[in-house]
Amino acid sequence: MLTGIDYVVVIVYLIGIMLLGFYFKKFVHSSKDFFLAGKTLPFWAIGMSIVVSDIGALDFVGISGQAYRYGLAVGNFDWIGSVPAMLLAAFIFVPIFWKAGLYTIPEYLGRRYNDAVRVVASVTWIIFFAFNLGIIFWASAVLLNALMGWPIWVSILLTAAIVGLYTIFGGLAAVVMTDVVQMVVMFGGGAILVIIGFEHVGGWDGLVEKVTARGPAYENHFDLILPVDTQTPFPWTGILFGLTFVMANAYMIGNQAIVQRCLAAKSEWHAKASMIWGAFLKMFIPVLVLFPGLMAIVLLPDLEDGDQALPMLIRTLLPPGLSGLMFAAFLAGLMSSIDSMLNSTATLWTKDLYERFIKKGASDQHYLTVGRLATVALLLFGVATSPVSSNFPGIYVAVQTFLSFFQGPVFSVLLLGMFWKRATPWGGLAGLVGGITVSALLYAFKGALFTIEDPFLYVSWWSFVAGFVLTITVSLFTKPHPDARLGGLVFRIGK
Amino acid sequence: MLNFDWLADVPIGAARWVFLVLFIVIGLVVLMIPNEYIYAGLERRRWWHNLKLWALGVLAFIFVTYYVF
């Protein structure tokens with residue numbers, strides 16, 4: 001539980017974040033300022049924002065819990081599951097998106113294919129973000145309650161008020177620049193826990209020796225590459241085909257919350273550099289959130305629930321003051337996820353749906369107001385729906401599964417749209433809808449089709465293949481856009 | 001088929017080299033990117049603006065990680 005000095009650390013941190021975020025209000029005069037920070041952001045801020053937005057308070061606990069159960073293989077998601085995809089994004093996709101002056105990824109799909117593809121992609125992301133908001137609010141508040149004894153509604157209303165204030169008034173610039181501070185706090189809190197943990201387990205050699213000495217169940221806990229018949233969800237074939245080739249690329253190239261930051265870079269070079277800088281920082285995430293899970297095997301053996309590893313470790317190892325810093329790191333994870341979802345969803349709604357279909361040709365100030373109102377509406381929706389998730393224990397997994405239906409097909413359509421000028425509007429729509437259908441069918445019959453318990457990596461690969469084949473097949477029988485329309489939307493070597 | 005059973009007999013050592021070769025191939029592709037493309041959007045060029053060096057550094061880090069573990 002928190003002591004007096006911990007409360008001082010947390011309160012100073014929260015006030016600092018609120019003031020920093022609100023400071024950026026004075027730079028927001030247009031919709032471009034609100035949604036893309038006026039295209040003024042430097043690479044270092046964008047890279048840090050990408051990393052911290054990608055890891056929430058729940059991931060902190062979840063990843064260390066999985067490391068407790070499965071070992072180092074969980075690190076694949078931040079190493080091979082991020083780095084190659086971020087390099088592909090940096091050198092191919094992001095420069096083309098940036099030069100095209102895009103606000104959203106569905107906007108690219110609309111220009112490259114047609115409005116139907118754009119609407120399917122945009123509505124899917126809006127539904128995912130909107131429902132995820134409430135779930136993350138509630139689950140994070142429950143976590144903070146268990147960890148530090150904070151009342152659930154205090155956590156929800158306090159974080160909603162602070163994040164809402166700077167996101168509504170400061171737009172993307174406030175989101176990204178507060179994320180920079182959140183990342184420093186998160187890395188600082190995580191690093192202190194890891195350093196103290198290593199002292200207790202006898203360094204790296206002591207950790208390896210003591211974990212592997214616990215018996216055959218732990219002999220693969222320090223292996224990144226696991227056999228095809230592993231009982232974990234991470235066989236090397238799933239990591240290679242499902243994660244490296246599909247999910248990582250879909251996430252780093254097709255996720256509005258990630259890519260929107262790069263679109264706000266102050267130059268093409270900064271847009272590229274932000275992704276590579278983000279890839280570098282991302283490689284330290286497993287060290288900060290996965291290693292505590294491995295340490296808990298030694299320091300807190302035989303926990304019934306692996307997700308208890310990190311909270312118990314914090315209580316066991318950290319003195320007053322540092323507990324407050326770790327609590328601030330959890331809050332940083334929560335707030336950086338919420339602000340990203342709010343700003344990205346407001347952008348998707350305003351640019352892809354409202355401006356395109358509901359009210360064309362209005363003044364820029366009108367769209368700025370719509371963006372702010374959308375942020376307010378989403379925040380209220382997230383807070384109002386947060387207690388609902390407590391009545392449906394499986395809703396977190398259900399919402400994540402809903403998104404995973406979409407990852408493989410959307411990447412197949414993005415990939416072919418970028419590299420194959422013959423891909424047609426009907427081909428793109430068939431690939432997207434057909435791929436999502438294949439995902440749903442694979443999940444519906446996963447017990448009969450797959451041998452591992454949670455085959456999400458295999459589902460993403462096969463739904464990608466389905467989307468890819470369908471897009472090509474239908475494109476060969478339908479009419480493509482004329483070359484003139486594809487200028488700047490298709491990658492050409494040497495251009 | 002759906003479970004990649006046909007790769008079940010591949011030794012873990014060989015599987016590791018599949019990943020390592022992937023990193024090497026990505027590195028070679030990065031090396032082939034023209035400098036004009038790398039520096040696009042910059043008014044003044046410094047040696048540290050060369051994003052190929054950044055990318056190769058990140059790939060070296062991940063190569064060593066997968067070689068060791």
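Could you tell me which of A:LEU133, A:VAL123, A:ILE156 has its Cα farthest along the dipole of segment A:47-181 towards the positive end, charges placed at Cβ (Lys, Arg +1; Asp, Glu -1), taken about the Cα centre?
A:VAL123
Give the average over all directions of the projected area of the C-alpha convex hull of segment A:431-493, one decimal, in nm². Intermediate results must be reported in sequence, preceding the final value.
On the way: hull surface 24.1 nm².
Result: a mean projected hull area of 6.0 nm².
Write down the Å³ per residue value for the convex hull defined by the alpha carbon atoms of segment A:125-241. Mind dumping the intermediate values first?
Details: hull volume 22.4 nm³, N = 117.
Measuring per residue, one finds 192 Å³ for the Cα hull of segment A:125-241.
Note down the relative contact order for segment A:199-314 as a percent, whole number, built from C-alpha pairs under 8 angstrom at least six residues apart. If you can, show how the numbers build up before the last one.
On the way: 55 pairs, mean separation 26.3, N = 116.
About 23 percent, as a whole number.
Determine which residues of segment B:54-69 fall in the zone a paramagnetic label at A:VAL287 would reach in this model, i.e. backbone nitrogen under 11 Å from the point 7 Å along Cα→Cβ.
In segment B:54-69, the label zone of A:VAL287 (backbone N under 11 Å from the point 7 Å along Cα→Cβ) covers no residue.
Heavy-atom accessible surface, probe 1.4 Å, ligands and DNA/RNA ignored: which residues of segment A:226-264 lose at least 30 Å² versus the isolated chain?
Buried by the other chains: A:VAL228, A:TRP236, A:LEU240, A:PHE241.
Full-extension gain between A:ALA362 and A:ILE5, please, as 0.36 nm times their residue separation minus the C-alpha to C-alpha distance. Walk me through the intermediate numbers first.
Values: separation 357, 0.36 × 357 = 128.52 nm, distance 5.16 nm.
Gain in length upon complete extension: 123.4 nm.
Expressed as an acute angle from 0 to 90° and rounded to the nearest 10, what is the orientation of the C-alpha long axis of helix B:51-68 relative to the principal long axis of chain B?
20
Given a 1.4 Å probe and every protein chain left where it sits, what share in percent of the accessible area of the protein assembly as shown is carbon and sulfur?
On the way: 14560 of 21150 Å².
C and S atoms contribute 69 percent here.
Nearest 500 deg cm²/dmol is fine: what mean residue ellipticity at 222 nm does the protein assembly as shown get from its DSSP H runs of n ≥ 4 alone, each adding -39,500 (n - 2.57), divided by its residue count?
On the way: 25 runs with 378 residues, N = 564.
Calculated from helices alone, the mean residue ellipticity at 222 nm is -22000 deg cm²/dmol.
With charges only on Cβ, +1 for K and R and -1 for D and E, what is the dipole size of chain A about its Cα centre, in debye, rounded to 20? Show your work: numbers first, answer last.
Working: 28 positive and 26 negative charges, 463 e Å.
In total the dipole reaches around 2220 debye.
Using a 1.4 Å probe on protein heavy atoms, which residues of segment A:278-325 have at least 30 Å² less accessible area in the complex than alone?
Those residues are A:MET283.
For segment A:160-267, build the charge dipole from Cβ charges (+1 Lys, Arg; -1 Asp, Glu) around the Cα centre, then report which of A:PHE169, A:PRO235, A:ILE258 sits farthest towards its positive end.
A:PHE169
Compute log10 of I(q)/I(0) for the protein assembly as shown with the Debye formula, placing one identical point scatterer on every Cα and leaving out solvent, at q = 0.09 Å⁻¹, to two decimals.
-0.66
In whole Å, what are the Cα extents of chain B along the three principal axes, biggest one first?
Extents along the principal axes, in whole Å: 53, 27, 16.
As I understand it, the value is the acute angle between the Cα axis of helix B:12-31 and the longest principal axis of the Cα atoms of chain B; what does it come to in degrees, rounded to 10?
The two axes meet at around 20 degrees.
Nothing charged except the Cβ atoms of Lys and Arg (+1) and of Asp and Glu (-1): what's the magnitude of the dipole of segment A:181-267 about its Cα centre? Round to the nearest 20 debye. Display every interim value, and only then the final one.
Details: 4 positive and 6 negative charges, 103 e Å.
So the magnitude is around 500 debye.
Could you pull out every whole DSSP H run in chain A that spans at least 24 Å of Cα extent along its own axis and averages -1.0 or higher on the Kyte-Doolittle scale? Walk me through the intermediate numbers first.
Numbers: long enough: A:4-23 (29 Å, 2.11); A:115-148 (48 Å, 1.72); A:152-201 (46 Å, 1.88); A:322-347 (37 Å, 1.11); A:364-385 (31 Å, 0.95); A:395-419 (37 Å, 1.65); A:425-444 (29 Å, 1.31); A:456-476 (30 Å, 1.70).
Answer set is A:4-23, A:115-148, A:152-201, A:322-347, A:364-385, A:395-419, A:425-444, A:456-476.
With every atom except the alpha carbons ignored, what do you get for Rg and Dmax of segment A:186-238, in angstroms?
14.3, 38
Counting only heavy atoms of the protein chains, get the accessible area per residue of the protein assembly as shown (1.4 Å probe) and round it to a whole Å² value. Before the final figure, lay out the partial values.
Numbers: 21150 Å² over 564 residues.
Averaged over the residues of the protein assembly as shown, the accessible area is 37 Å².
Place +1 on the Cβ of every Lys and Arg and -1 on the Cβ of every Asp and Glu in chain A, take the dipole about the Cα centre, and give the residue among A:VAL208, A:PHE445, A:LEU322 whose Cα lies farthest towards its positive end.
Among A:VAL208, A:PHE445, A:LEU322, the one farthest towards the positive end of the dipole of chain A is A:PHE445.
Can you give the relative contact order of chain A as a percent, counting alpha carbon pairs under 8 Å and 6+ residues apart?
On the way: 844 pairs, mean separation 152.5, N = 495.
Computed value for chain A: 31 percent relative contact order.
Calculate the spin-label point distance for A:MET312 paired with A:LEU373, positioning each point 7 Å from the Cα along the beta-carbon direction, and give it in nanometres.
Output for this residue pair reads 5.1 nm.
Ignoring ligands, DNA and RNA and using a 1.4 Å probe, state the total buried accessible area between A and B in Å², rounded to the nearest 100.
Values: alone 18740 and 6090 Å², together 21150 Å².
Separately minus together, A and B give about 3700 Å² buried.
At q = 0.23, 0.34 Å⁻¹, what is the base-10 log of I(q)/I(0) for segment A:70-110 according to the Debye formula with one equal point scatterer per Cα and no solvent? Please give it to two decimals.
-0.76, -1.04
Longer than 27 Å from Cα to Cα, which of A:LYS351/A:LYS446; A:LYS32/A:LYS359; A:LYS359/A:LYS479; A:LYS99/B:LYS52; A:LYS32/A:LYS479 are they? Say none if no pair is.
Working: A:LYS351/A:LYS446 37 Å; A:LYS32/A:LYS359 17 Å; A:LYS359/A:LYS479 30 Å; A:LYS99/B:LYS52 20 Å; A:LYS32/A:LYS479 35 Å.
Violating the 27 Å Cα-Cα cut-off are A:LYS351/A:LYS446; A:LYS359/A:LYS479; A:LYS32/A:LYS479.
In 10 Å bins starting at 0, how do the alpha-carbon pair distances of segment A:308-466 split up by percent?
9, 21, 27, 28, 12, 3, 0
Cα gyration tensor of segment A:11-138, axes a ≥ b ≥ c as square roots of the eigenvalues: rounded (a/c below 1.5), prolate (a/b > b/c) or oblate?
Values: a/c = 1.59, a/b = 1.16, b/c = 1.37.
Taking the square roots of the gyration eigenvalues as a ≥ b ≥ c, segment A:11-138 is oblate.
The values are calculated or read from the model by the stated rules, or taken from the named source; none is laboratory data. Since we're looking at a predicted model, the values are computed, not measured. Please note: Cβ atoms are built from the backbone with ideal geometry, for glycine as well, and neighbour counts cover all protein chains shown. Only protein heavy atoms, including side chains, enter the accessible area calculation; ligands, DNA and RNA are left aside. Shrake-Rupley method; radii C 1.70, N 1.55, O 1.52, S 1.80 Å.
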